[in-house]
Amino acid sequence: MNKRALIRFFGDVYGTGYRFFIKQKAIELGLKGYCKLNKHEQIEVEVEGAQKAIDEFLVFVQKGVSPQADSNSFTLELYDDLKGYVRMESDIV
């Protein structure tokens, strides 16, 4: 069964490499979606894919995405409905 997760990181998000590490891990797990800095200056991540991959991604998030970050504060929402993303995109290279 596939799931979708929406995660918003807040606090120490500048210069931490969050978007790079998140995109890399999502691609490694075969997840699709996006990672960007939103208008509230939060890192917003939406990924969808197999339940097992989502679970592994959430363990990665909970452990701390970036060693450069002073904090690991985030919100998480899980959904059963999918949006049909075809790749993992980011607002960075």
Task: Computed E for residue 40/residue 2 - FRET, C-beta separation, R0 22 angstrom, nearest 0.05 - done: 0.20
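So what's the net charge close to residue 23: Lys and Arg +1, Asp and Glu -1, counting the other residues with Cβ under 14 Å from its Cβ?
Values: positive: 19, 25, 32, 36, 87; negative: 28, 44, 46, 89, 91.
Neighbourhood net charge equals 0.
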Open item on the list: Given the DSSP H assignment, sum -39500 (n - 2.57) over each helix run of at least 4 residues in the chain and divide by its residue total; what's the result at 222 nm in deg cm²/dmol, nearest 500?
Closed with: -8500 deg cm²/dmol
Open item on the list: From zero outward in steps of 10 Å, how is the percent of C-alpha pairs of the chain spread across the bins?
Closed with: 18, 56, 25, 1
TODO: Treating the angle as unsigned and between 0 and 90°, give the value, to the nearest 10°, between the Cα long axis of helix 18-29 and the longest Cα principal axis of the chain.
DONE: 20 degrees
Task: Stretchable slack from residue 59 to residue 14, in nm (0.36 nm times residue separation minus alpha-carbon distance) - done: 14.0 nm
Task: Nearest-ten-degree value, helix 51-63 long axis tilted from longest Cα axis of the chain - done: 10 degrees
Task: For region 2-10, 3J(HN,Hα) per residue [Karplus equation, 6.51 cos²θ - 1.76 cosθ + 1.60, θ = phi - 60°, Hz, x = Gly/Pro] - done: 9, 9, 10, 10, 10, 10, 10, 8, 9
Task: Length-normalised contact order of the chain in % [C-alpha pairs under 8 Å, at least 6 apart] - done: 47 percent
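Could you check what % of the DSSP bridge pairs in the chain are antiparallel, to the nearest 5?
On the way: 21 of 24 bridges.
DSSP beta bridges in the chain are roughly 90 percent antiparallel.
Laboratory data are not the source of any read-out in this text; all were calculated from the coordinates shown. A quick note: this is a predicted structure, and the numbers were derived from the prediction, not measured. Ideal geometry is used to build each Cβ from the backbone, glycine not excepted, and the neighbour counts take in all protein chains shown.
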